[in-house]
Ligand code: UN1
């Protein structure tokens with residue numbers, strides 16, 4: 001095996017700033033999906049400590065909101081520095097803890113660096129508007145003010161970047177952060193958090209105590225954050241099932257939320273597609289991260305006239321994918337996060353077959369002898385006669401459903417006929433088809449790409465989706481506005497008091 005140079009686990013934890021005493025003797029056992037070996041036993045945050053932690057976040061808010069935003073930007077600049085210095089180590093830890101190939105582990109940390117730099121620029125651009133008033137001698141001005149503590153609850157599949165997306169924006173917006181990483185991948189989250197702590201230390205006294213805090217634990221910890229009035233915004237990434245529980249609870253206390261939930265992302269390949277380009281996009285987005293991105297390609301909707309030509313390219317490329325230890329340089333598909341994920345994939349394939357599907361390739365467990373407690377699966381393609389129940393569900397694994405179409409209208413209708421609405425794409429060099437797809441009656445997803453797969457978004461755009469994906473946006477564009485409260489001021493600089501709408505009240 002040609003291997004990337006990755007340090008052994010204990011060295012790596014140390015290099016990521018995780019102390020031996022933090023990583024041993026606790027109740028949260030963290031294992032590597034590569035071979036099932038134990039990486040750490042973390043100490044869970046006692047639930048009794050949460051009220052104090054939330055009080056500290058609120059106290060920190062009172063101080064941090066007064067620090068000018070461009071000065072707050074300096075903190076994320078330092079965080080970017082720390083992440084850059086630790087990029088390969090945290091990337092390697094992501095590989096060990098989540099099973100991503102080395103390239104993707106590093107890429108995830110790069111995503112954190114990118115969002116810090118975006119947030120730094122943003123720290124001088126938290127623009128409100130000036131609005132002309134209908135009254136003489138009046139002016140209306142809009143300002144964005146810090147909101148309050150932000151709880152960031154993340155999933156295992158992006159244990160570093162999704163925290164960074166949220167925390168970098170929250171911090172420049174004037175909000176303290178409380179991070180609860182997934183219990184399936186707390187080490188990479190902790191390493192990313194430690195990099196932030198180092199940045200906070202370098203930032204010095206203007207950073208209040210409690211500006212950035214971490215909570216290690218499971219569902220009960222998450223629920224305590226979700227229910228606390230001290231948390232102004234809950235940003236939660238995970239399954240639709242999780243979002244269904246979190247959304248109403250935050251709403252019940254009139255809190256704010258950002259939900260980033262399931263996706264069931266599709267690609268439409270039209271007769272005007274560049275099939276070689278489509279092939280490369282299909283491979284990366286369907287089997288990259290072993291199909292465990294919320295943006296992974298799950299449905300391939302191909303025009304009948306090009307279906308065979310596409311399959312002639314896809315099936316051999318699929319068969320040549322290297323599946324195995326993600327530390328090996330030629331591996332493209334690492335393990336699934338756990339055996340339950342592999343069982344869910346097999347279950348979905350069985351259901352798809354019962355619903356008329358034909359398994360074209362893959363779907364079988366691999367490397368069971370070498371790694372008996374891990375879960376490696378050969379990525380699967382199932383050809384479906386229709387978009388049956390199983391196709392409408394998100395299965396978090398390298399499982400691609402293939403369907404075909406005759407008319408673009410039908411393809412778009414099929415595309416939109418799922419409960420989720422995260423990411424989507426069309427492969428076509430026909431301007432009319434492309435504009436139709438990205439227009440008002442086209443894809444109903446939060447992201448609609450052209451000649452590029454549904455996964456692997458840059459941080460500069462708003463990230464998120466509609467319908468059961470949650471309806472919210474994070475990362476780039478103006479997603480920062482959700483981390484701030486808007487205040488509208490009407491300012492009267494005249495000597496009169498005219499009322500709006502011309503009302504007289506003399
Ligand atoms: C996720 O899977 O939760 O667009 C986030 C992408 C990545 C982020 C995925 N930039 O695939």
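Does residue 136 count as in contact with a helix residue (DSSP H, G or I) (Cβ under 9 Å, 6 or more places away or on another chain) and either within 16 Å of the ligand (Cβ to nearest atom) or touching a residue at least 60 places away in the same chain (Cβ under 8 Å) (or both)? No.
Applying the criterion of being without any contact (Cβ under 8 Å) to a residue 60 or more places away in the chain and assigned by the TED database to the domain that holds residue 246 to the residues of the range 468-506, the residue that is nearest to residue 292 (Cα to Cα) is 477. Each residue in the range 13-29 was checked for being touching a strand residue (DSSP E or B) at 6+ places or on another chain (Cβ under 9 Å) and farther than 14 Å from residue 186 by Cα, and 1 pass.
Please enumerate the residues belonging to the range 248-281 that are assigned to a helix (DSSP H, G or I), touching a strand residue (DSSP E or B) at 6+ places or on another chain (Cβ under 8 Å) and within 26 Å of residue 165 (Cβ to Cβ).
Those that are assigned to a helix (DSSP H, G or I), touching a strand residue (DSSP E or B) at 6+ places or on another chain (Cβ under 8 Å) and within 26 Å of residue 165 (Cβ to Cβ): 250, 251, 281.
Failed condition for residue 419, given (1) within 16 Å of the ligand (Cβ to nearest atom); (2) in contact with a helix residue (DSSP H, G or I) (Cβ under 8 Å, 6 or more places away or on another chain), with all others met? Single failed check for residue 419: (1). Taken over the range 172-188, the residue count meeting the criterion of being assigned to a helix (DSSP H, G or I) and touching a helix residue (DSSP H, G or I) at 6+ places or on another chain (Cβ under 6 Å) is 3.
Screening residue 296 against (1) more than 16 Å from the ligand (Cβ to nearest atom); (2) within 17 Å of the chain's Cα centre (by Cα) leaves a single unmet condition, (1). Listed by position, the strands (runs of 3 or more DSSP E) inside the range 303-422 whose residues that are surrounded by fewer than 17 Cβ atoms within 10 Å (Cβ to Cβ) number at least 2 are 358-361. Being in a loop (DSSP other than H, G, I, E, B) and within 15 Å of the ligand (Cβ to nearest atom): is that true of residue 288 here? The answer is no for residue 288.
The values are calculated or read from the model by the stated rules, or taken from the named source; none is laboratory data. What you are looking at is a predicted structure, and each value in this text was computed from that prediction instead of being measured. In this analysis, Cβ positions are derived from the backbone assuming ideal geometry, glycine residues included, and neighbour counts consider all displayed protein chains.
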